[in-house]
Every structure is written in C-alpha cells, then in structure tokens.
Amino acid sequence: MLPNNSFRIDYNPFLKEDGIYELTVQAKDETGNLSGANDYKVQFEVINRSTITEVVNYPNPFSTSTRFVFVLTGAEVPTEFKIQIMTVSGKIVREIMKEELGPIRIGRNITEYAWNGKDEFGDQLANGVYLYRVNTGINGSDIEKRTTAADSYFKKGWGKMYLMR
C-alpha cells in the first residue's frame, strides 16, 4: 500500500534499438486536475549488448568501509564477478566474490557489501594505497568494458583505493 495521494506505475517497454530515449509523463486526478504545470521528463540510454563500466570503490579514500559502484548493460548479469584487492607489491590480501556483493542487476549498481579494510583472515590492513582489479564474465566469456569518464582513474584495468584510519 502506498502513502496517501501517491501511485506507482511499472512500465517495461521492449526497446530493441540502442539509443537515447525520453519518457514523458503527465497525470491528472479523477476530476481532471493536472499533477503539475510541466510534464515530467527523463532521458535514458539503452544499450542491448553486455557491457560493464570500471568498478569504482566509494568512498575513496575510506576509513571504515567502501562499496563498489558500476553500471551493467545487456540482458544478463555476470555469472562470474571477482574483485581482487592487493598491496602495491602485488600480494593479494582479499578476494571478494559475486556471492558476497549482494544482488547485481542491469543498470546502476552500488553493492550491498561494504569492504571493511580487512584481509582474508579478518586482520585489519595497514593505512595506505591498495590496488584492485575486477574479473567479470558471462558463461566463460569476458564482458566488454564500457568507456566512461571514470576510466582516467584506472591504469590497464587496475584501480587504486586509499585506506586511512
């Protein structure tokens, strides 16, 4: 049940063509009163092939925990998803698997899982810079990386995170 004077519409169009679309909404009540003087408009992009943006940790730097933010397109969520966190010397200190991240969906994602800066044994890591990379796939095939402005923060697929306590 929704609060008084509100409603919800689930609209799931099948948009076969890639591109930028605009949804325009205007409503009125039973007596004909409009919901507002202006139409509600929202633009969105449809990308039907499977892609993923770089996975960014937020906040960065962090002191208590950080989550992972990314965008998926296509019709299927990854069957494989692993985040490897390592020291600058290359020692893997933590691997976060898909099952730990919480629900993943097509569209914008911010993981339910928040990494707390502890290694695979539960020991607190030292302050400093850590590197991470993400491996994703659908049924054994890599997912195409989608270019965004965040790419400038990554070098050859490697991201940096700063742990500060």
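Considering each of 76, 54, 30 in turn, give the residue that is assigned to a loop (DSSP other than H, G, I, E, B), of a type in the set (D, E, K, R) and in contact with a Lys or Arg (Cβ under 8 Å, 6 or more places away or on another chain).
Only one candidate qualifies: 54.
With respect to residue 95, determine if the residue is in a strand (DSSP E or B) and either at pLDDT 95 or above or buried (at least 16 other Cβ atoms within 10 Å of the Cβ) (or both).
yes
What residue, among those in the range 80-91 that are surrounded by 13 or more Cβ atoms within 10 Å (Cβ to Cβ) and not aromatic (Phe, Trp, Tyr), is farthest from residue 153 (Cα to Cα)?
80
Output the number of the condition that residue 67 fails; it satisfies all remaining conditions of (1) farther than 15 Å from residue 158 by Cα; (2) part of a loop (DSSP other than H, G, I, E, B); (3) modelled with pLDDT of 95 or more.
(2)
If I ask for residues that are farther than 12 Å from residue 57 by Cβ and either touching a residue at least 24 places away in the same chain (Cβ under 8 Å) or among the aromatic types (Phe, Trp, Tyr) (or both), which ones from the range 148-165 would you list?
148, 151, 157, 158, 164, 165
Please work out which residue is farthest from residue 45 (Cα to Cα), limiting yourself to the range 106-146 and to residues that are in contact (Cβ under 8 Å) with a residue 40 or more places away in the chain and among the hydroxyl-bearing types (Ser, Thr, Tyr).
130
Can you tell me which residue within the range 98-112, out of those that are modelled with pLDDT of 95 or more and part of a strand (DSSP E or B), is surrounded by the most Cβ atoms within 10 Å (Cβ to Cβ)?
Applying the filter and picking the extreme gives 109.
Only one of 4, 60, 48, 38 is part of a loop (DSSP other than H, G, I, E, B) and touching a residue at least 60 places away in the same chain (Cβ under 8 Å); which?
Selected residue: 60, the only one of 4, 60, 48, 38 that is part of a loop (DSSP other than H, G, I, E, B) and touching a residue at least 60 places away in the same chain (Cβ under 8 Å).
Condition first: more than 20 Å from residue 72 (Cβ to Cβ) and out of contact with any Leu (no Cβ under 7 Å at 6 or more places or on another chain). Now tell me which residues in the range 116-158 satisfy that.
116, 120, 121, 122, 123, 124, 126, 129, 131, 152, 155, 156
Condition check: of a type outside the set (Ser, Thr, Tyr), touching a Ser or Thr at 6+ places or on another chain (Cβ under 9 Å) and either surrounded by 15 or more Cβ atoms within 10 Å (Cβ to Cβ) or at pLDDT 95 or above (or both). Does residue 160 satisfy that?
Answer is no for this residue.
Output yes when any residue across the range 17-25 is farther than 30 Å from residue 140 by Cβ and part of a loop (DSSP other than H, G, I, E, B), and no when none is.
No, because not a single residue in the range 17-25 is farther than 30 Å from residue 140 by Cβ and part of a loop (DSSP other than H, G, I, E, B).
Among the numbered criteria (1) surrounded by 14 or more Cβ atoms within 10 Å (Cβ to Cβ); (2) of a type in the set (S, T, N, Q); (3) at positive phi, which single criterion is violated by residue 136?
All conditions pass for residue 136, except number (3).
Filtering the range 119-148 down to residues that are under 21 Å from the mean Cα position of the chain (by Cα) and among the aromatic types (Phe, Trp, Tyr), which residue is nearest to residue 52 (Cα to Cα)?
Checked the range 119-148; the qualifying residue nearest to residue 52 (Cα to Cα) is 132.
The values are calculated or read from the model by the stated rules, or taken from the named source; none is laboratory data. Remember, predicted model here, so these are calculated numbers, not experimental data. Glycine also receives a Cβ, built like all others from the backbone with ideal geometry; neighbour counts cover every protein chain displayed.
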